[in-house]
Amino acid sequence: MSSRLDRTRPPPRYSLFCRADGYAVGFFEADRGRSFEACVAAMDAEPINAKWQLKMQPFTADGARADAAAVPLDHYFYLGSDRVC
């Protein structure tokens, strides 16, 4: 699937984390200059997204699509030297 994701240009820094008990969290960073809503819409427009969302549904708390449950978070702290905010 990663070759498909590379081809469809997902948002940068898309990550998934999972604890041993199955609790999972995912996040992505919106492209600079693009809103959260624009990034979600761009992902939704990709044909592979529907398949991905279906595969991820068992990992959401209420069985909903993960992209429908996504909410923007305010960035308030970054410790690193790899970019300038």
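Laboratory data are not the source of any read-out in this text; all were calculated from the coordinates shown. As the structure is a prediction and not an experimental result, all values here were calculated from the model. Every residue, glycine as well, gets a Cβ built from its backbone with ideal geometry; the counts of neighbours run over all protein chains shown.
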Most exposed to least, judged by fewest other Cβ atoms within 10 Å, 18, 39 sort to 18, 39
Each residue of the stretch 25-35 in order: what ³J(HN,Hα) in whole Hz does its phi give by Karplus 6.51 cos²θ - 1.76 cosθ + 1.60, θ = phi - 60°, with x for Gly and Pro? 9, x, 8, 9, 9, 5, 4, 4, x, 10, 6
Based on other C-beta atoms within 10 Å, arrange 36, 27, 17 from fewest to most. 17, 27, 36
Gained length - residue 70 relative to residue 19, 0.36 nm times residue gap less alpha-carbon distance: 16.4 nm
